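Undergrad: The structure under discussion is supplied below as C-alpha cells; questions concerning it will follow.
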Amino acid sequence: MSDEGKLTPEAKWYVVHTYSGHENKVKDTLELIIENRGLEEMIQEVLVPTENVIEVKDGKRRTIERKIYPSYVLIKMILTDEIWYIVRNTRGVTGFVGPSSTNPVPLTEEELMMIGLESSWEPVVDYEVGDTVKVINGPLEGFDGKVEEINLEKKKVTVMVSMFGRETPVELDWIQVIRI
C-alpha cells in the first residue's frame with residue numbers, strides 16, 4: 001500500500017507535569033530522545049513557556065526570564081502508545097495533565113488561545129489602517145487608539161494610543177483589539 005492513501009493524524013498539544021525545577025531538564029532529555037530515535041514527526045515541539053520580567057533587587061533593575069507555568073512542559077505530538085510511554089517515562093515527568101494520566105486529553109482551541117500557542121483558529125481582522133480600535137486585553141485594556149500598521153506575517157497591529165497626553169505607538173497582537 002502506498003503512503004499516499006494513509007492519513008497521518010494531526011499533532012496536538014499536551015501538558016506534562018514535572019518535578020519542580022526540572023522543566024528544562026525534561027525538555028532537554030525529550031529533545032535528545034527525539035533526535036536519537038528519529039521521532040521528529042511524532043514529537044514536533046517541546047516547550048517550557050517563559051516570559052521576561054523586570055526585577056528590582058538591591059536598587060538595581062534586571063530583566064530575568066521566569067517560567068509562566070512552573071512544573072509544566074507543553075508538548076506538541078501525535079499520541080501513540082509508544083510516544084505516551086517515552087514521554088511518561090522520561091526522568092522528571094510525573095504524568096500527563098488531565099482526568100486520566102493514562103489517557104491524556106489534548107488542549108482545546110480555547111486553551112491554546114488563552115496561553116498564546118498556535119491554533120488552527122485565525123482571528124478575523126475587521127479593522128484597517130486608520131480605524132479606531134479598543135484594546136480588550138493586556139496592560140492597556142480599555143484604551144482606545146488609531147490603527148497605524150497591520151503586520152500580517154507577525155499577526156501584530158500597531159496602534160497609536162494616547163498616554164499622558166502624548167500619542168504613543170504600541171504593538172499588540174491582533175486578538176487584543178476590536179474595532180469600535
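The values are calculated or read from the model by the stated rules, or taken from the named source; none is laboratory data. From a predicted model like this one, the values you see are computed outputs, not experimental measurements. All Cβ positions, even for glycine, are placed from backbone atoms using ideal geometry, and neighbour counts span all protein chains on display.
Undergrad: Tell me yes or no: at least one residue of segment 43-50 is farther than 25 Å from Asp173 by Cα, outside any loop (DSSP other than H, G, I, E, B) and not β-branched (Val, Ile, Thr).
TA: Step one: filter segment 43-50 for residues farther than 25 Å from Asp173 by Cα, giving 43.
Restricting the remaining residues to those that are outside any loop (DSSP other than H, G, I, E, B) gives 43.
Okay, now just the ones that are also not β-branched (Val, Ile, Thr), so none.
Within segment 43-50, not a single residue is farther than 25 Å from Asp173 by Cα, outside any loop (DSSP other than H, G, I, E, B) and not β-branched (Val, Ile, Thr).
Undergrad: Show the residue pairs meeting these rules: Cβ distance below 6 Å; 6+ apart or different chains; first residue within segment 88-111 and of a type in the set (Phe, Trp, Tyr); second residue part of a loop (DSSP other than H, G, I, E, B).
TA: Listed pairs, sorted by first residue: Phe96/Pro104.
Undergrad: Test Glu41 against the stated conditions and say whether it is charged (D, E, K, R), within 15 Å of Met77 (Cβ to Cβ) and at pLDDT below 95. Before the answer, list the steps.
TA: Details: charged (D, E, K, R): yes; within 15 Å of Met77 (Cβ to Cβ): yes; at pLDDT below 95: yes.
Yes; evaluated as a whole, the condition is true for this residue.
Undergrad: Could you tell me which numbered condition Glu148 fails, if it satisfies all but one of (1) over 25 Å from the mean Cα position of the chain (by Cα); (2) surrounded by 15 or more Cβ atoms within 10 Å (Cβ to Cβ); (3) in a loop (DSSP other than H, G, I, E, B)?
TA: Only one criterion is unmet by Glu148, namely (3).
Undergrad: Return the residues of segment 158-180 that are assigned to a strand (DSSP E or B) and more than 10 Å from Val135 (Cβ to Cβ); say none if nothing qualifies. Walk me through how you get there before you give the answer.
TA: Taking segment 158-180 first, the residues assigned to a strand (DSSP E or B) are 158-163, 166-173, 177-179.
Thr158, Met160, Ser162, Met163, Arg166, Glu167, Thr168, Pro169, Glu171, Asp173, Arg179 - these are the residues of segment 158-180 that are assigned to a strand (DSSP E or B) and more than 10 Å from Val135 (Cβ to Cβ).
Undergrad: Another question, then. Give segment 40-99 a look and list any residue that's at positive phi and in contact with a strand residue (DSSP E or B) (Cβ under 9 Å, 6 or more places away or on another chain), or say none.
TA: Narrowing segment 40-99 to residues at positive phi: 58-59, 71, 92, 95, 98.
Ser71, Gly92, Gly95, Gly98, listed by residue number.
Undergrad: Name the residues in segment 10-26 that are farther than 15 Å from Trp84 by Cα and of a type outside the set (Ser, Thr, Tyr), would you?
TA: Result: Glu10, Gly21, His22, Glu23, Asn24, Lys25.
To keep it simple, each residue is scored yes or no on (1) out of contact with any Cys (no Cβ under 8 Å at 6 or more places or on another chain); (2) modelled with pLDDT under 95; (3) under 21 Å from Leu39 (Cα atoms); (4) not basic (Lys, Arg).
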| site | (1), (2), (3), (4) |
| --- | --- |
| Val87 | yes, no, yes, yes |
| Gly92 | yes, no, yes, yes |
| Gly95 | yes, yes, yes, yes |
| Gly98 | yes, yes, no, yes |
| Leu112 | yes, yes, no, yes |
| Leu117 | yes, yes, no, yes |
